[in-house]
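Working notes, beginning with the structure itself.
The values are calculated or read from the model by the stated rules, or taken from the named source; none is laboratory data. Here the structure is a predicted model, which means the values were calculated and not measured. Calculation scope for accessible area: heavy atoms of the full protein, side chains included, ligands and nucleic acids excluded. Shrake-Rupley method; radii C 1.70, N 1.55, O 1.52, S 1.80 Å.
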Amino acid sequence: MVKEPASPVKDKNYDLIHTIQLSLEHIWRMETYIADAENQGDTELANWFRKMQENNRKAGEQGKQMLMQRMQQEKG
């Protein structure tokens, strides 16, 4: 099993930003996976990928809202 290197920055805001980025990347990546499943006639798998995509979309939006609130709090 490959172990990921430790975070270069021990900062909760960095972690939040990185997690948002990963969620948004997965939304984009799921498009490819959905197309692959559909091209192979696997509707069940394509639908599951769509659910994953929607979960990542919700998480990304929640993370963006949380980040904006935290940045405003730190500002003033």
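Key figures for this structure:
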read-out: Taking the chain and dividing mean pair separation by its residue count, relative contact order in percent (alpha carbons under 8 Å, at least six apart); value: 37
read-out: Proximal aspartates and glutamates to residue 12, defined as alpha-carbon separation beneath 16 angstrom and excluding residues fewer than eight positions away on the same chain; value: 74
read-out: Residues of the chain: accessible area per residue with a 1.4 Å probe, Å²; value: 84
read-out: Cross-link partners of residue 10 among lysines (Cα-Cα below 29 Å; sequence separation of 8 or more within a chain); value: 58, 64, 75
read-out: Within the accessible area of the chain (1.4 Å probe), percent carbon and sulfur; value: 54
read-out: With 10 Å bins from 0: P(r) over the stretch 7-76, alpha-carbon pairs, percent; value: 20, 37, 24, 14, 5, 0
